[in-house]
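Below you'll find the structure, written out as structure tokens, and then a few comments.
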Amino acid sequence: MKKAIIVFLFVIAAISSSEAASIWKVYSENSYIFIGGTFHMLRTSDFPLPKEYDQAYKNAPILVFETDHEKLEKPETTDLIISKSLLKNKTLSQVVSPKVYAVLSEFCAGISLPMENINQFKPSTAMLIIMLQTYQKLGVDQDGVDAHFYKKGVQDGKTVEYFESVEEQIEFLVSIGDGWEDRFVSHTIADMKKAKHIFSLNIDAWKSGHRPKLKSAMIDTMKKDYPQMYQRLIIDRNKKWMPKIESFLKSDTKRLVLVGAAHLVGEHGLLTLLEQKGYTIEKFEKAGQPAYQ
């Protein structure tokens with residue numbers, strides 16, 4: 001269940017070292033930070049990560065993540081997720097329409113997931129479990145960029161900061177399908193039926209570090225099919241994070257900010273918001289590699 005919250009909040013990779021990575025430098029008048037887009041679960045074949053990430057890591061004594069990874073790993077966090085995810089005095093079959101429940105049951109049978117394993121959960125958590133099992137069948141079962149650098153940072157004695165508490169993220173998790181349960185479940189099942197294709201598109205976009213390609217792969221469909229999710233998970237959170245990011249740009253201490261790649265691009269993306277504030281954005285790259293803007 002710990003990985004479920006990671007999959008949901010950030011899911012939206014064979015990585016070639018000859019391609020650009022999704023990492024940028026943001027300059028103020030007197031300082032700069034690194035800001036990188038992440039995938040939060042990867043495959044064994046996706047390692048080692050692009051060298052741009054390692055170079056930024058070496059130059060940043062402070063690492064900034066979306067949430068507190070140490071607390072995310074604690075058993076009490078799993079207990080809290082489960083307690084907040086359980087339906088009260090009803091089952092999933094009573095929350096969604098019979099038609100949608102039939103589609104859900106058929107899909108779960110196809111991935112060998114018994115309905116009794118999810119029927120007591122809210123739609124948001126039920127879909128998390130389905131996402132996790134579906135992506136694991138694709139070999140997506142390794143810690144992602146953020147967890148990799150968190151563990152490395154702790155080992156190396158770097159300072160670790162984060163934007164949100166685990167409790168805040170759990171609230172996003174358990175409530176994201178509220179009020180549009182049928183559409184949320186239907187769209188999620190449709191996406192999981194083409195999960196391999198969607199995952200490949202997102203990985204290709206991430207590898208390229210090309211902002212329009214990232215927007216097309218990660219943002220455009222979310223805005224169209226999941227407007228409530230886009231508002232809560234991208235727009236609202238990005239706005240909340242911006243003051244902290246601007247405070248980082250006033251500091252002499254360099255930071256590496258690592259957030260889900262979907263947070264960086266599009267009209268409400270962090271890179272756009274920073275540009276609108278007058279900061280200079282530069283693609284970070286290895287020596288001799290082309291930059292993609």
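Observations on the model:
- Any hit, region 137-155, residues being closer than 30 Å to H263 by Cα, assigned to a loop (DSSP other than H, G, I, E, B), hydrophobic (A, V, I, L, M, F, W, C) and under 23 Å from the mean Cα position of the chain (by Cα): yes
- Inspection of region 93-106 identifies no residue that is touching a strand residue (DSSP E or B) at 6+ places or on another chain (Cβ under 6 Å), closer than 23 Å to D178 by Cβ and in a helix (DSSP H, G or I).
- When residues in region 229-246 are screened for being among the β-branched types (V, I, T) and surrounded by 19 or more Cβ atoms within 10 Å (Cβ to Cβ), 2 of them pass.
- Test: V154 is modelled with pLDDT of 95 or more and crowded, with 20+ Cβ neighbours inside 10 Å: no
- Taking the listed residues K224, K207, the one that is over 26 Å from F65 (Cβ atoms), of a type in the set (D, E, K, R), at pLDDT below 90 and assigned to a helix (DSSP H, G or I) is K224, with no other qualifying.
- Yes/no for A126 being within 30 Å of T44 (Cβ to Cβ), out of contact with any strand residue (DSSP E or B) (no Cβ under 7 Å at 6 or more places or on another chain), exposed (fewer than 12 other Cβ atoms within 10 Å of the Cβ) and among the aliphatic types (A, V, I, L, M): no
Residue-by-condition table, conditions (1) touching a Pro at 6+ places or on another chain (Cβ under 7 Å); (2) at positive phi; (3) among the aliphatic types (A, V, I, L, M):
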residue: L104; (1), (2), (3): no, no, yes
residue: K122; (1), (2), (3): no, no, no
residue: L128; (1), (2), (3): no, no, yes
residue: Y135; (1), (2), (3): no, no, no
residue: G139; (1), (2), (3): no, yes, no
residue: Y150; (1), (2), (3): no, no, no
residue: F163; (1), (2), (3): no, no, no
residue: Q169; (1), (2), (3): no, no, no
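- Residues located in region 115-132, provided they are within 21 Å of L233 (Cβ to Cβ) and in contact with a Leu (Cβ under 8 Å, 6 or more places away or on another chain): F121, K122, P123, S124, T125, A126, L128, I129, I130
The values are calculated or read from the model by the stated rules, or taken from the named source; none is laboratory data. This one's a predicted model, so the numbers in the text were calculated from it and none came from an experiment. Neighbour counts run over all protein chains shown; Cβ positions are idealised from the backbone, glycine included.
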